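The structure appears right after this line, and notes come after that.
Laboratory data are not the source of any read-out in this text; all were calculated from the coordinates shown. As the structure is a prediction and not an experimental result, all values here were calculated from the model. Don't worry about glycine lacking a Cβ; one is built from the backbone with ideal geometry, like all the others, and counts go over all protein chains shown.
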Amino acid sequence: AGPPGGGGVTAPFEVARAQRAASHGRPDHLTRTAAEPRADRISDARIVAVREETPTVRELELEVSAPDFVFRPGNWVDFFIAEEPKVGGYSMCSTPAELPRLRLAVKRSRHPPAAWCHSAAAAAGAVVQLKAGGSFDWDPARDGGLAEHLLLVAGGIGINPLYSIAQAALAAPRAAVPRLRRVSLLYSAATPDELAFRGHLEELARSDERFELDLRVTRCGTSGSSWSGPTSRIDAEVLRAAVGGA
């Protein structure tokens with residue numbers, strides 16, 4: 001797959017940011033993904049809503065200003081914050097069909113971009129800059145005609161790109177995915193309240209018979225919420241069952 005498109009304001013300062021981080025022996029997102037395809041330019045994006053998705057994950061809904069900003073399900077964005085030398089890298093949890101709105105779910109951490117996303121500064125009206133990139137994606141034009149069973153496996157905040165892919169695959173016109181009969185998502189988190197997007201995933205499973213959802217946790221936690229699902233990790237046996245024992 002080629003790089004996703006996009007437009008907006010050029011960002012020569014991103015190279016300097018990556019070089020500063022590397023000089024301190026801490027390769028940042030830009031350095032780690034230097035070989036990945038990405039758009040040539042970045043776009044301003046304004047935060048329009050903030051939601052607490054789990055006790056440790058905050059979802060930012062943004063509106064992208066560049067009309068030619070595009071991405072594919074599974075892609076991520078370089079996330080630039082004014083006056084912050086470090087650059088975040090977050091996978092979209094929304095689908096391209098929702099543009100110019102875009103959603104990112106960010107796990108709380110001490111990494112400066114993530115800490116900013118969980119601060120009062122990340123409020124409606126705040127402006128950041130985004131650049132789409134990544135070679136991990138699902139493209140219905142490329143993959144839809146061949147896919148019969150789409151198996152997605154996620155742990156923790158790694159649900160983001162797979163949530164985008166699952167939504168896009170299930171929403172694709174039947175003519176674009178004529179052979180698609182199963183979309184299976186195996187998703188594990190530490191505790192039930194850390195299963196991001198759980199409500200919507202369960203709704204998708206009820207509304208589309210092609211969608212098979214396997215939620216599991218590694219411990220039940222102390223939140224007081226009941227949990228009747230599996231308490232285990234996703235292992236080889238779980239994977240074999242998901243592909244029909246093959």
Checking Leu62, Leu162, Leu150 against a Gaussian network model of the chain (alpha-carbon springs below 10 Å), the top fluctuating residue turns out to be Leu150
Taking N as the residue count of the range 13-133, its alpha carbon Rg divided by 2.2 N^0.38 Å gives 1.00
Dividing the helical contributions, -39500 (n - 2.57) per DSSP H run of n ≥ 4, by the residues of the chain yields a 222 nm value, nearest 500 deg cm²/dmol, of -6000 deg cm²/dmol
Under the Karplus relation with 6.51, -1.76 and 1.60 and θ = phi - 60°, whole-Hz ³J(HN,Hα) for the range 28-45, x at Gly and Pro, equal 9, 4, 5, 5, 5, 10, 4, 8, 7, x, 7, 5, 6, 10, 10, 10, 5, 9
Placing each pseudo-label 7 Å from Cα in the direction of the beta carbon, Ala35 and Ser109 end up separated by a distance in nanometres of 2.1 nm
Between the modelled labels at Asp139 and Val153 (7 Å from Cα along Cα→Cβ) the distance in nm is 2.5 nm
Full extension between Arg181 and Ala49 adds, at 0.36 nm per residue less the Cα distance, a length in nm of 44.0 nm
Reduced to Cα centres, the span from the range 173-188 to the range 201-217 in Å works out to 12 Å
Rounded to one decimal in nm, the spacing of the 7 Å Cα→Cβ label points at Arg174 and Ala236 is 4.0 nm
Counting as exposed only GluC sites (Glu not before Pro) in DSSP loop states with no more than 14 other Cβ atoms inside 10 Å, the longest exposed-site-free span of the chain is 1-82
